[in-house]
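The values are calculated or read from the model by the stated rules, or taken from the named source; none is laboratory data. Being a predicted model, the structure only gives us computed values, none of them experimental. Here the Cβ positions follow ideal geometry from the backbone for every residue, glycine too, while neighbour counts run over all protein chains shown.
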Amino acid sequence: MWLLLGILIGVIALGFIWWLRKSNTSLQWYDWVISLTGVAMLLFTIQNYFASIAEGESKAAYMFLLVGGLPAVILLAVTWQLAARRAKKA
């Protein structure tokens, strides 16, 4: 599972960088920090979700999706919006 997740993240990162080059958009340093933080939080959430499910703690797993996953998705959406607005401006 982790191999497939790593491949998926690599493909998404490659597509994102390809889109940035195609639209002649550059990201600021804080965009990279926000996006890497979001990806790290998302990976942490996925790992803890599956670990909690494997231990039979479904309520803890779903709460961790809410507590850890929602901020990760928000951070990734903020990065996407910053990049999209910068591309639209250029």
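Here are some notes:
- Top-ranked residue of segment 16-33 - restricted to ones that are surrounded by fewer than 15 Cβ atoms within 10 Å (Cβ to Cβ) and assigned to a loop (DSSP other than H, G, I, E, B), ranked as modelled with the highest pLDDT: Gln28
- The listed residue being out of contact with any Asp or Glu (no Cβ under 6 Å at 6 or more places or on another chain) and at pLDDT 90 or above, out of Leu5, Leu36: Leu36
- Residue match in segment 42-50 (condition: at pLDDT below 95 and closer than 30 Å to Ser23 by Cα): yes
- Options Ala13, Ala72, Ala40: the member that is in a helix (DSSP H, G or I), touching a Leu at 6+ places or on another chain (Cβ under 6 Å), of a type in the set (A, V, I, L, M, F, W, C) and surrounded by 12 or more Cβ atoms within 10 Å (Cβ to Cβ): Ala72
- Residue within segment 21-33 that is out of contact with any Leu (no Cβ under 7 Å at 6 or more places or on another chain) and charged (D, E, K, R) present: yes
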